[in-house]
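The values are calculated or read from the model by the stated rules, or taken from the named source; none is laboratory data. Quick caveat, the model's predicted, so the values are computed rather than measured. Reconstructed Cβ throughout: ideal geometry from the backbone, glycine too, with neighbour counts over all protein chains shown. These area figures cover heavy atoms from the full protein model, side chains too; ligands, DNA and RNA do not enter into them. Shrake-Rupley method; radii C 1.70, N 1.55, O 1.52, S 1.80 Å.
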Amino acid sequence: MADQVLIVDDDQAVLTMLYKVISSNGLQADTAESGEACLELLKQKQYDLLLLDINLSGMDGFQVIQHIRRQGSKIPIVIVSGRKEDYDTLYGLDIGADDYITKPLNPVTLAAKVKALIRRSRGNLPGAEQVLAAGPFQYNTSTLRFYKDGVEIPLSSKENAMIKLFMDNVNHIFSKDMIYDLVWGSAIIDENAIMVYINRLRAKIEENPSKPRYIQTVRGLGYRFVVS
């Protein structure tokens, strides 16, 4: 059964766009246009993640988060908001949100973060385990061990995070900025850092690192993980 995501936004155009992004990435989505409707749906159905706007009529997004956390729910919550002030970001995270993404958003980045948060939340459950498989590669999200043709390949922590990102988003193009944001969690500091780690991964997984088959450079755009 596909993972279930609840999307809450009072702007119909944004709601439709978010629905398309989530649905096109193999996830099931329901929508709500108010905080009150969101809470009612959460009573009726179990969701794996909540995408939540802050500027809602009636009960705003911050109030929704506080209510959900007071009920003891651990559902991952991603704020998607046009409010970019540092105070809003810090406050949202402080009261229980797991991530804060500002509009306009990048659909690939959003989808990657949603999938990562769902995996992480399930990894916190006893016995939870997921094995990602792509071509000759396997990645165990519980043990954080990576294999090619059944043979384990040791990875550093950043290589580990990067290969997991690639395997969960086969054929997607990631710019350097997107990789740095998703793996390091901050803005680019040194553009060469991404290239260094890409080269290290290629040295470990490619038959010929100088002519990579799996981690391909897309000129002017970034990198793409291909297994076909």
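Quick look at the numbers
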read-out	value
Qualifying residue in the range 67-76 (condition: among the hydroxyl-bearing types (S, T, Y) and over 30 Å from H172 (Cβ atoms))	yes
Selected residue (criterion: modelled with the highest pLDDT) from residues of the range 189-228 that are open to solvent by 50 Å² or more (accessible area, probe 1.4 Å) and among the aliphatic types (A, V, I, L, M)	A203
Test: residue in the range 159-166 that is in contact with a Gly (Cβ under 9 Å, 6 or more places away or on another chain) and either farther than 26 Å from I65 by Cβ or touching a residue at least 40 places away in the same chain (Cβ under 8 Å) (or both)	no
Residue under evaluation G26, criteria (1) at negative phi; (2) within 18 Å of the chain's Cα centre (by Cα); (3) modelled with pLDDT under 90, criterion not met	(1)
Looking only at the range 148-177, and only at residues there that are of a type in the set (A, V, I, L, M, F, W, C) and over 14 Å from Y223 (Cα atoms), the one that is most open to solvent (accessible area, probe 1.4 Å)	V151
Among residues of the range 58-73, those that are farther than 18 Å from S34 by Cα and more than 21 Å from the chain's Cα centre (by Cα), counted	3
Failed criterion for G72 (all others in (1) touching a Pro at 6+ places or on another chain (Cβ under 9 Å); (2) small (G, A, S); (3) surrounded by fewer than 16 Cβ atoms within 10 Å (Cβ to Cβ) hold)	(1)
Cβ pairs under 8 Å, 6+ apart, first in the range 1-16 and in contact (Cβ under 8 Å) with a residue 60 or more places away in the chain, second of a type in the set (D, E)	D3/D48; V5/D30; V5/D48; D9/E33; D9/D53; V14/D53
Residue list for the range 88-115, restricted to those being closer than 13 Å to L18 by Cβ, hydrophobic (A, V, I, L, M, F, W, C) and not in a helix (DSSP H, G or I)	I101, L105
Criterion (of a type in the set (A, V, I, L, M, F, W, C), open to solvent by less than 50 Å² (accessible area, probe 1.4 Å), assigned to a helix (DSSP H, G or I) and at pLDDT 85 or above) met by exactly one of I54, I65	I65
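Residue by residue, here is whether (1) of a type in the set (A, V, I, L, M); (2) at pLDDT below 90; (3) more than 14 Å from the chain's Cα centre (by Cα) holds:
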| residue | (1), (2), (3) |
| --- | --- |
| S81 | no, yes, yes |
| E85 | no, yes, yes |
| T109 | no, yes, no |
| E129 | no, yes, yes |
| G135 | no, no, yes |
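The rows are residues; the columns are (1) in a loop (DSSP other than H, G, I, E, B); (2) within 19 Å of the chain's Cα centre (by Cα).
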{"residue": "V14", "(1), (2)": "no, yes"}
{"residue": "D30", "(1), (2)": "no, yes"}
{"residue": "E36", "(1), (2)": "no, no"}
{"residue": "I75", "(1), (2)": "yes, yes"}
